[in-house]
Amino acid sequence: MEILSQLWSLLGLLTVLQNVLPSQLLSLLHSLYESLQDLLSPYSYLDIPEFNGYCGVELNDLYRHVTLYLNAVDPSATTCRRLTLTRSKSSTRFSFAVAPNHSVRDVFAGHTLSWTHHVDAVPDSLEERRSFVLKLPKRHRQALLSPYLDHVISRAEEFERVSRERRLFTNNGHGSYDSGWVSVPFRHPSTFETLALQPHLKKQITDDLTAFANGKDFYHRVGRAWKRGYLLYGPPGAGKSSLIAAMANYLCYDVYDLELTKVSDNSELRALLIQTTNRSIIVIEDIDCSVDLTADRASKPRKRSQPSVNGNDDDEHGGRVTLSGLLNFTDGLWSCCGEERIIVFTTNHKVNVDPALLRCGRMDVHVSLGACGAAAFRSLVKNYLGLESHALMEVADSCVRSGGALTPAHIGEILLRNRGDADVAMREVVAAMQARILGGRSRDQVKDNQYCEVEAAMAAVAPRSPESVLLRGSPENWESSPGKKRKIKFLVRLRSLTKSDSGRRGV
């Protein structure tokens with residue numbers, strides 16, 4: 001009882017002194033008390049406010065990183081007693097945050113640290129002042145602070161990249177304004193696990209994408225813009241759009257679908273490029289059909305006696321997008337206005353694309369997509385029917401080797417239509433392959449075969465750069481001698497039988 005009475009007496013004395021002593025003296029005494037406490041305490045305390053400066057206008061980026069980091073380490077699994085749980089409409093994951101005036105512990109390099117979320121009310125205002133206070137051992141402060149903050153920022157950026165909602169953008173025809181893009185949530189389900197590609201081709205692409213995403217220091221060291229170009233070419237239904245979606249899901253990037261027919265001139269094209277964000281994929285589909293770029297090469301040089309009115313190159317081409325503007329878009333000075341970007345061109349006919357667009361530095365990786373090989377076909381059967389093996393699987397493999405391979409879109413439609421009966425689905429696929437071998441093909445399929453033969457001939461003759469030769473298509477196109485000889489002999493035999501039958505009918 002004596003101790004309690006003494007405490008009450010001390011509190012009463014402090015109350016009297018607070019009312020009697022001037023505020024300046026009280027502030028000085030409080031500062032002296034905090035200095036003495038800091039001197040005797042074995043810990044250091046660092047305050048990270050929500051806003052920079054005294055005006056409270058500019059957001060503190062470190063505060064945002066700490067918020068993301070504490071969410072990434074999952075405070076629910078730590079000793080924090082109270083958490084704030086939220087979830088947005090467009091997200092399927094829950095977000096954790098440290099409740100006001102509560103602490104959470106963290107361990108780094110064998111040392112225990114803690115974060116405290118302070119929320120104080122602003123006098124005569126409805127606003128609140130938020131900050132994080134980092135508590136770390138004073139003895140190891142110099143050795144821990146810088147590496148730990150780098151760790152916090154790196155982990156926060158990775159968490160933000162993976163957890164944020166991805167968007168699909170398209171240009172709205174007003175690129176010269178601040179909002180030249182409109183967007184919707186990007187929820188394409190394609191992944192490399194569900195993609196109908198040969199396994200080693202998948203590995204080559206994913207390894208290249210991973211090296212690019214982790215190559216920030218490398219690109220800066222060698223003096224190159226942090227971007228990469230992909231050319232996807234092949235017949236319709238080969239999976240070019242699905243591969244783009246799988247790349248976006250793999251890297252967690254936004255997708256910008258650029259429609260060149262809506263772009264009025266080169267200036268608007270540059271404006272659209274500036275408005276794109278980092279960590280994004282810029283896609284121009286059917287590059288050979290979007291605008292007439294080859295006309296720039298074939299057009300006659302303008303006579304000296306007919307100069308442009310204002311010296312603008314856009315006036316010469318009637319205010320349209322030119323090949324020069326597109327080249328500068330992919331590899332010019334304006335292409336380095338952002339970082340961590342991938343530019344993807346798609347085409348059905350690579351021979352129709354201007355060679356200047358295909359060189360290394362613009363399109364670094366050329367991926368040839370065509371009919372399904374044996375492994376890709378088995379992947380489709382597993383995805384659609386849930387089968388690892390089937391009695392007709394060897395028959396289908398034999399048809400593929402004999403030249404009856406179909407595109408992933410064609411096989412996927414047959415499997416989707418008959419997904420309720422695996423036997424019927426496999427019989428229909430084998431029948432379609434056999435019909436392709438025996439000549440029961442449509443005109444479009446014949447054109448696809450002619451396209452593949454032209455591409456194979458060009459690939460054998462044209463010189464390849466070290467980077468563009470990285471990916472040249474599915475393995476059945478790489479198996480040059482034995483498979484092709486069997487296929488040629490089979491087709492020659494088939495044609496001779498057809499001619500003999502027609503001769504007998506004529507007789």
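Only one entry in G370, G361, G403 is more than 27 Å from the chain's Cα centre (by Cα), in contact (Cβ under 8 Å) with a residue 24 or more places away in the chain and assigned to a loop (DSSP other than H, G, I, E, B), namely G403. When restricted to residues that are touching a strand residue (DSSP E or B) at 6+ places or on another chain (Cβ under 6 Å) and outside any helix (DSSP H, G or I), the stretch 184-233 contains 9.
Reported count of residues in the stretch 245-283, each being open to solvent by 50 Å² or more (accessible area, probe 1.4 Å) and within 9 Å of the chain's Cα centre (by Cα), is 2. In the stretch 198-218, the qualifying residues are those that are open to solvent by 20 Å² or more (accessible area, probe 1.4 Å) and free of Cβ contacts under 8 Å to residues at least 12 places away in the same chain, and the one that is nearest to V381 (Cα to Cα) is K202. Whether any residue in the stretch 136-148 is over 12 Å from F108 (Cα atoms), at pLDDT 85 or above and of a type in the set (A, V, I, L, M, F, W, C) is what I want to check. The answer is no; no qualifying residue exists.
For (1) under 30 Å from V381 (Cβ atoms); (2) within 20 Å of the chain's Cα centre (by Cα); (3) open to solvent by 60 Å² or more (accessible area, probe 1.4 Å), each residue gets a yes or a no:
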residue: H140; (1), (2), (3): no, no, yes
residue: E157; (1), (2), (3): no, yes, yes
residue: R161; (1), (2), (3): no, yes, no
residue: R164; (1), (2), (3): no, yes, yes
residue: P189; (1), (2), (3): yes, yes, yes
residue: F192; (1), (2), (3): yes, yes, no
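Restricting the stretch 341-391 to residues that are assigned by the TED database to the domain that holds G325 and charged (D, E, K, R), the residue that is nearest to V429 (Cα to Cα) is K350. Could you list, in sequence order, the residues of the stretch 337-364 that are surrounded by fewer than 16 Cβ atoms within 10 Å (Cβ to Cβ) and within 17 Å of Y256 (Cα to Cα)? If the condition is that a residue be surrounded by fewer than 16 Cβ atoms within 10 Å (Cβ to Cβ) and within 17 Å of Y256 (Cα to Cα), then C337, E339 are the ones that fit. Filtering S242, S176 for residues that are open to solvent by 30 Å² or more (accessible area, probe 1.4 Å) and modelled with pLDDT of 90 or more leaves a single hit, S242.
The values are calculated or read from the model by the stated rules, or taken from the named source; none is laboratory data. All values reported here derive from a predicted model rather than from experimental measurement. Neighbour counts are summed over all protein chains in view; Cβ atoms, including those assigned to glycine, are modelled from backbone coordinates with ideal geometry. Protein only, heavy atoms only, side chains kept; ligands, DNA and RNA dropped before computing areas. Shrake-Rupley method; radii C 1.70, N 1.55, O 1.52, S 1.80 Å.
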